[in-house]
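What follows is a single structure, written as structure tokens, with notes after it.
The values are calculated or read from the model by the stated rules, or taken from the named source; none is laboratory data. The structure displayed is predicted, hence computed values, not measured ones. As a convention, Cβ positions derive from the backbone with ideal geometry for all residues, glycine included, and neighbour counts pool all protein chains shown. Only protein heavy atoms, including side chains, enter the accessible area calculation; ligands, DNA and RNA are left aside. Shrake-Rupley method; radii C 1.70, N 1.55, O 1.52, S 1.80 Å.
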Amino acid sequence: AFHDALARLYSPRCQGGTHTAPLNDIITWINAPAGSKAPIMWLNGKPNTGTSTVAQTIADKCADAKLLLASFFFSGSDDTGETRNLLPTIAYQIAIKNPVLRSAVGQAVENDPLIFERNPDIQMQSLIMEPLVAANLDPSTFPRLVIIDGLD
């Protein structure tokens, strides 16, 4: 499910004074110039140590600041967090961010109505990479942050 889906409504968020070090590190990484940082940040931790809470809080904050392109939270509680939903959910979120992207993702589905049954490599290429490349959006003004939680 994406960060603000109904299934995530009661997911925990960081309360004041909790998880300040990872929150600050992540916000600093997000705000750093693109060429000065690694393109991927990996937040990991043992189960029940708050990594999902941190990811949810960052997703909420970045969505409010218009920095979040997409998010996906795996969950064992329902089928919204199943692996087969990852790329279509991200593609949906990308499509609603911009009319050019909406058209490109829509065209990919129109060209291959069974795209959601294809393997993940084909879905990634057709639904996400090709639309983003074709849109030629300014990376300094268009959100690039994608949060995926629960890969364990």
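I want to verify the translational diffusion coefficient of segment 15-81 in µm²/s; compute it with Stokes-Einstein, Rh as the Kirkwood radius over Cα pairs, at 10 °C and 1.306 mPa s. If you can, show how the numbers build up before the last one.
On the way: Rh = 13.3 Å.
The calculation lands on 119 µm²/s.
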| note | Projected onto the charge dipole of segment 91-152 (unit charges on the beta-carbon of Lys, Arg, Asp and Glu, signs +1, +1, -1, -1), the Cα from 128, 146, 100 with the largest positive-side position is that of 100
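State to the nearest 20 debye the size of the charge dipole of the chain about its Cα centre, where the only charges are +1 on K and R beta carbons and -1 on D and E beta carbons.
Details: 11 positive and 15 negative charges, 92 e Å.
Using only the charged Cβ atoms, the result is roughly 440 debye.
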| message | What distance in nm lies between label points placed 7 Å from Cα along the C-beta direction at residue 151 and residue 134? | response | 2.8 nm
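With every protein chain kept in place and ligands, DNA and RNA left out, what is the accessible area per residue of segment 1-45? Probe 1.4 Å, answer in Å². Write down the numbers at each step before the final one.
Values: 3240 Å² over 45 residues.
That works out to 72 Å² for each residue.
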| request: Using only protein heavy atoms and a 1.4 Å probe, report how much of residue 116 is accessible, in Å² to the nearest 10. | output: 90 Å²
| request: Could you check how much of the accessible area of the chain is carbon and sulfur, as a whole percent, using a 1.4 Å probe? | output: 57 percent
| field | Alpha-carbon centroid distance for the pair segment 1-21 / segment 35-52, whole angstrom | value | 15 Å
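By average Cβ neighbour count within 10 Å, what is the ranking of 142-152, 27-37 from highest down? Present the calculation step by step, with values, prior to reporting the outcome.
Working: 142-152: 15.6, 27-37: 10.8.
Those peptides, ordered most packed to least, come out 142-152, 27-37.
Based on the mean of other beta carbon atoms within 10 Å per residue, what is the order of 59-70, 103-114, most packed first?
Details: 59-70: 18.0, 103-114: 14.3.
Highest mean packing first, the order is 59-70, 103-114.
Does segment 23-152 classify as rounded, prolate or oblate by the C-alpha gyration tensor (a ≥ b ≥ c root eigenvalues; a/c under 1.5 gives rounded; else a/b over b/c gives prolate, otherwise oblate)? Before the final figure, lay out the partial values.
Working: a/c = 2.17, a/b = 1.25, b/c = 1.73.
Because a/c hits 1.5 or more and a/b fails to exceed b/c, segment 23-152 counts as oblate.
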| message | Given a Förster distance of 41 Å, report the FRET efficiency between residue 111 and residue 21 from their Cβ-Cβ distance, rounded to the nearest 0.05. | response | 0.35
| task | Relative to the longest principal axis of the C-alpha atoms of the chain, give the angle of the C-alpha long axis of helix 86-95, reported between 0 and 90° and rounded to the nearest 10°. | result | 80 degrees
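Using only helices, what value at 222 nm comes out for the chain when you add -39,500 (n - 2.57) per DSSP H run of length 4 or more and divide by the total residues, to the nearest 500 deg cm²/dmol?
Values: 6 runs with 59 residues, N = 152.
The helix contribution divided over the chain gives -11500 deg cm²/dmol.
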| request: Return one number: the angle in degrees, 0 to 90 and rounded to the nearest 10, between the long axis of the Cα atoms of helix 51-64 and the longest principal axis of the Cα atoms of the chain. | output: 60 degrees
| task | Would you mind working out the accessible area per residue for segment 76-141, using a 1.4 Å probe, and quoting it in Å²? | result | 63 Å²
